[in-house]
Every structure is written in structure tokens, then in C-alpha cells.
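A short worksheet on the structure shown next.
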Amino acid sequence: MSEKRDLVLFIATSLDGYIATKDESLEWLFNGDGEGDNGYSDFYESVDTVLMGKKTYDWIMKHETGEFPYKNKACYVFTRSPIEDTVDVKFTNEDIISFTNKLKSQEGKNIWIVGGGELLQSFIKEKLVDELIITVAPSIIGKGIPLFKEGDYQLDLSLKGTRNFNQFVELHYGVQN
């Protein structure tokens with residue numbers, strides 16, 4: 001019997017709860033003193049599958065230079081539009097519940113939700129998220145794109161641990177069922 005794969009949110013947020021400015025900038029994230037890559041490499045090794053929405057994918061393609069950042073992982077992008085798969089990405093318009101549960105039942109490492117927004121809200125609302133690893137940056141940006149959108153849902157969490165990366169604090173929560 002293999003261990004169940006977890007669906008994990010790993011993301012950074014400002015102290016006031018934003019993941020980007022209104023114009024989708026992340027510059028504020030690099031103003032604080034971190035430590036190394038703030039735990040990213042360790043986390044990245046714990047996953048073999050990446051899920052994101054089309055808006056996050058488009059942002060990555062616009063802002064990342066060079067190679068696709070998740071080249072050595074299975075990467076799925078949820079979209080309502082029919083789009084041709086690439087070497088690095090499979091596009092899907094499947095129902096997120098059945099698609100995610102199918103992935104969770106397969107053998108492998110954990111599954112990473114990249115980005116926030118609409119897709120994250122859907123995962124939370126459908127109680128598909130197992131863990132949240134949120135790194136709080138030493139910034140208040142006043143307005144922007146919120147980590148959690150307003151909605152009709154509630155998650156009860158259990159603190160699994162905290163870590164400091166100089167001025168950044170990582171909060172690791174498990175979702176209680």
C-alpha cells in the first residue's frame with residue numbers, strides 16, 4: 001500500500017495577505033533579507049507534480065526568462081480553452097475534483113499548487129488541499145492580489161511547524177478533515 005500523495009500550497013505572501021501587487025509585480029518579495037532560497041529547494045524535491053491555472057501559467061511565461069521553471073516535473077495547467085500541450089505542460093479542462101483525486105491516488109511524491117487565485121479557491125472549497133506552507137515576507141503592500149479570495153468556505157488547520165529564513169517566516173499547516 002503506497003502512501004497518499006498530498007496536495008500542497010507552497011507560496012509567499014506579504015504580511016497583509018497579498019501574493020502580488022495589483023499589476024502582478026513581485027518586486028516587494030525581494031526587498032527583505034531571506035536565507036538562501038527560503039526553503040524552496042527542499043520543498044521542490046518533495047514534489048513531482050505541479051498544478052496551476054492558466055493565468056499563473058501565462059504570468060510565468062511572460063516573466064520567466066530561459067527554461068520553463070518546472071521542466072523536471074509533471075505540469076498540468078487548468079484552462080477552459082482548448083490548448084495544445086507543450087513538451088513541458090499538459091493543458092486540461094477536466095473537473096478539478098476527479099482530476100486531482102486521480103493524481104492523489106497514483107504513486108509519487110506530493111503535488112504542488114503553484115499560484116493563488118481562482119484555482120486555489122476551487123481546491124480549498126472542494127477540500128482538496130492537504131497542506132499549506134506559507135512564507136510571510138517582511139512587507140506590507142497595502143493592496144494587491146489576495147492569497148485567499150473571499151468565498152463561502154472554511155478550513156480548519158493544524159500547525160505542523162514554523163521556520164525562520166532570516167526576515168521571512170514559514171508557516172506549515174495541515175488541513176484538518
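No lab work stands behind these numbers, since they all come straight from the coordinates. Everything quoted here is computed from the prediction, not taken from an experiment. Cβ: placed from backbone, ideal geometry, glycine included. Neighbour counts: every protein chain shown.
Which listed residue (100, 28, 63) has the Cα farthest towards the positive end of the charge dipole for the chain, taking +1 on Lys and Arg C-beta and -1 on Asp and Glu C-beta about the Cα centre? Highest projection toward the positive end goes to 100. Projected over every direction and averaged, the convex hull enclosing the alpha-carbon atoms of region 1-61 yields 6.0 nm².
Sorted from longest to shortest, the spans of the Cα atoms of region 70-123 along the three principal axes equal 27, 26, 20 Å. If one computes the Cα centroid of region 142-157 and of region 37-103, what distance in Å separates the two points? Measuring centre to centre over Cα atoms gives 22 Å. The H on the amide N of residue 10, modeled in the peptide plane, is under 5 Å from the matching H of 113, 133, each at least 5 residues off or on a different chain.
Listed peptides 145-151, 71-77 appear in the order 71-77, 145-151 once ranked by packing, highest mean of other Cβ atoms within 10 Å at the front. In terms of packing, defined here as the mean over residues of other Cβ atoms within 10 angstrom, the peptides 84-92, 61-69 line up highest first as 84-92, 61-69. Overall, the ratio between the Cα radius of gyration of the chain and 2.2 N^0.38 Å, rounded to two decimals, is 1.01. Simple point charges give the picture: +1 on the Cβ of Lys and Arg, -1 on the Cβ of Asp and Glu, and for region 1-124 a dipole about the Cα centre of about 540 debye. Restricting to bridges with both residues inside the chain, how much of the DSSP beta-bridge set is antiparallel, in percent to the nearest 5? Roughly 40 percent of the DSSP beta bridges within the chain come out antiparallel.
What the phi angles of region 83-96 give under the Karplus curve with 6.51, -1.76 and 1.60, with θ = phi - 60°, is a coupling list of 10, 5, 4, 10, 4, 9, 9, 10, 8, 9, 10, 5, 4, 5 Hz, glycine and proline written as x. Amide H contacts of residue 165: 170, each under 5 Å away and 5 or more positions distant or on a separate chain (H built 1.01 Å from N in the peptide plane; Pro and chain starts excluded). The mean sequence distance of close C-alpha pairs (under 8 Å, at least 6 residues apart), as a share of the length of region 1-114, puts its relative contact order at 42 percent. Computed from backbone phi with θ = phi - 60° and the Karplus coefficients 6.51, -1.76 and 1.60, the 3J(HN,Hα) list for region 134-145 is 10, 9, 8, 7, x, 9, 10, 10, x, 7, x, 8 Hz; x is used for glycine and proline.
Counting only other residues whose beta carbon sits under 10 Å from that of residue 166, what net charge do I get with K and R as +1, D and E as -1? That sum, taken over residues with Cβ under 10 Å, equals -2. For the residue pairs 55/102; 71/160; 4/102; 54/90, the alpha carbons lie more than 21 Å apart in 55/102; 71/160.
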